[in-house]
1. Of the conditions (1) closer than 27 Å to ALA329 by Cβ; (2) open to solvent by 30 Å² or more (accessible area, probe 1.4 Å); (3) of a type outside the set (S, T, N, Q), PRO151 clears all except one; give me its number.
2. Quick one: is LEU209 at positive phi, touching a strand residue (DSSP E or B) at 6+ places or on another chain (Cβ under 7 Å) and surrounded by 15 or more Cβ atoms within 10 Å (Cβ to Cβ)?
3. Inspect all residues belonging to region 168-187 and state whether any of them is closer than 30 Å to SER3 by Cα, open to solvent by 10 Å² or more (accessible area, probe 1.4 Å) and modelled with pLDDT of 95 or more.
4. For region 310-359, which residues satisfy the criterion of being part of a helix (DSSP H, G or I), of a type in the set (Gly, Ala, Ser) and touching a Phe, Trp or Tyr at 6+ places or on another chain (Cβ under 8 Å)?
5. Scan region 183-197 and report the pairs whose first residue is aromatic (Phe, Trp, Tyr) and whose second residue is open to solvent by 10 Å² or more (accessible area, probe 1.4 Å) and part of a helix (DSSP H, G or I), with Cβ atoms within less than 9 Å and a gap of 6+ or a chain change.
6. In the set VAL31, VAL19, which member is in contact with a strand residue (DSSP E or B) (Cβ under 8 Å, 6 or more places away or on another chain), crowded, with 22+ Cβ neighbours inside 10 Å and within 24 Å of LEU278 (Cα to Cα)?
7. When you scan region 104-144 for strands (runs of 3 or more DSSP E) that lie fully inside it, which ones turn up with 3 or more residues that are of a type in the set (A, V, I, L, M, F, W, C) and under 18 Å from ARG36 (Cβ atoms)?
8. For region 242-256, how many residues are exposed (fewer than 13 other Cβ atoms within 10 Å of the Cβ) and under 18 Å from GLY152 (Cβ atoms)?
Amino acid sequence: MSSNTFDVVVIGAGPGGYVAAIRASQLGLNVAIVEREHMGGICLNWGCIPTKALLRSSEVFHLMHRAKEFGLKAENIGYDLDAVVARSRAVSKQLNQGIGHLMKKNKVTTFMGEATLPAKGKVSVKTDKGVEELVAKNIILATGARARELPGLEADGDLVWTYKHALTPSRMPKKLLVIGSGAIGIEFASFYNTLGSDTTVVEVMDRVLPVEDAEISKFAKKQFEKQGMKIREKTMVKQLDRGKGKVIAHIEANGKVTQEEFDTVISAVGIVGNVENLGLEALGVKIDRTHVVTDEYCRTGVDGLFAIGDIAGAPWLAHKASHEGAMVAELIAGQKPHAIKPNSIAGCTYCHPQVASVGLTEAKAKEAGYKIKVGRFPFIGNGKAIALGEAEGMVKTIFDEKTGELLGAHMVGAEVTEMIQGYVIGRQLETTEEDLMQTVFPHPTLSEMMHESVLDAYGRVIHM
């Protein structure tokens, strides 16, 4: 075998690609990975991880202001924006270097450069030193996605920011407009609002966090507004007039357009898949609205070519990409992995309060024709939540009345992004309400609310 012939070549070293490479190597395959920019992809460098580091700083800042409630003293509270950003970048760097180490440890050959697919089973990599031609029986596309840019609302890095600018701000926005209230938009709104920006969020759909259960969205909105955020739903930004140090936004609601001045705009209006300049069309790969069309096993229909993660469509989540990466590696190695069910993948948003969910919303469950039982439990009824000083929140569970299947779980409040996993495991193990009711939850924990919410669905709630 020539040195550039592999069993598997992975294109993209984000949470989908690097996991696919490690799993394929564990299964005894000879693997190469190609990455044009950063090991760890957007997630580690410009997404999931650095945003959590920033949000942790704003959370601590928020708690410092509440010191008196806890019998503590904190005076002259302030922050150093550069130091907050530097911590976030250091966290990313540490993990980015860790991925490089994992590639070496797993004997994965790394090529830093831009990949194209000149023909079936061939990958051409443009590196600093020239062009490397790789041959592979199997190719896994894990090229990810980037921020969607709307005409007239394009980022310039000065007045109008994408997530990248928002992660490394040169200044603190005084009056901030966030366009889009999905996870990315609402997390940045939460961060900047907590640090003192006068923040307005505009959402074109009829509610913030539009993929979440309507009741959870409503609860979260109330909390955001309590914190001073301005939330505008069913509203659209039509155009931005950029001046010196200011932006005039033309905002349309109920058929009326008003003009408002901001000093910073963050655009978070979704993502587009990185499908260009790879040579996919020539190979016969089907592309639908910037995403590669695949079957449930991430097969593209072109022999030996797979697509995973954001490039393969929703849900656009790092953990979905990682699981698909491992699944495809197992498929290539001749194993029989289970296909991933998008409905069993949890979504987590790290705003304040946190939001987490898995499975069907109440509206979607009804739409699907289920007769349902719904349980709810508020944080105010939980001892641990009150002791933490985090009494704002709720847990909601949705069951199929006929079979007792847990159809969906939705939460808003402190640490719900950690708690949701209990319900995810429950769904994976095809748990019924009976199993969940029989489970002994430890006291005092926030997780007890998960138990109470199930009990509530069946008229057996104890602490309400």
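The values are calculated or read from the model by the stated rules, or taken from the named source; none is laboratory data. Just so you know, these numbers come straight off a predicted model, no measurement behind them. Positions of Cβ are backbone-derived with ideal geometry, glycine not excepted, and every protein chain shown enters the neighbour counts. We work out accessible area using only protein heavy atoms, side chains counted, and drop any ligands, DNA or RNA first. Shrake-Rupley method; radii C 1.70, N 1.55, O 1.52, S 1.80 Å.
1. Failed condition: (1).
2. Details: at positive phi: yes; touching a strand residue (DSSP E or B) at 6+ places or on another chain (Cβ under 7 Å): yes; surrounded by 15 or more Cβ atoms within 10 Å (Cβ to Cβ): yes.
Yes.
3. no
4. Taking region 310-359 first, the residues part of a helix (DSSP H, G or I) are 310-312, 318-332, 342-344.
Among the residues that remain, those that are also of a type in the set (Gly, Ala, Ser) are: 312, 318, 321-322, 325-326, 329, 344.
Of everything in region 310-359, just one residue is part of a helix (DSSP H, G or I), of a type in the set (Gly, Ala, Ser) and touching a Phe, Trp or Tyr at 6+ places or on another chain (Cβ under 8 Å), namely GLY325.
5. PHE188/THR51; PHE188/TYR163; PHE191/THR51; PHE191/LEU55; PHE191/SER57
6. Numbers: VAL19 fails: in contact with a strand residue (DSSP E or B) (Cβ under 8 Å, 6 or more places away or on another chain).
Within the list VAL31, VAL19, the selection yields VAL31.
7. Details: elements: 109-112, 114-119, 122-127, 130-141.
The qualifying strands (runs of 3 or more DSSP E) are 130-141.
8. We begin by selecting, within region 242-256, every residue exposed (fewer than 13 other Cβ atoms within 10 Å of the Cβ); these are 243-245, 254-256.
Narrowing further to those that are under 18 Å from GLY152 (Cβ atoms): 243.
Residues in region 242-256 being exposed (fewer than 13 other Cβ atoms within 10 Å of the Cβ) and under 18 Å from GLY152 (Cβ atoms): 1 in total.
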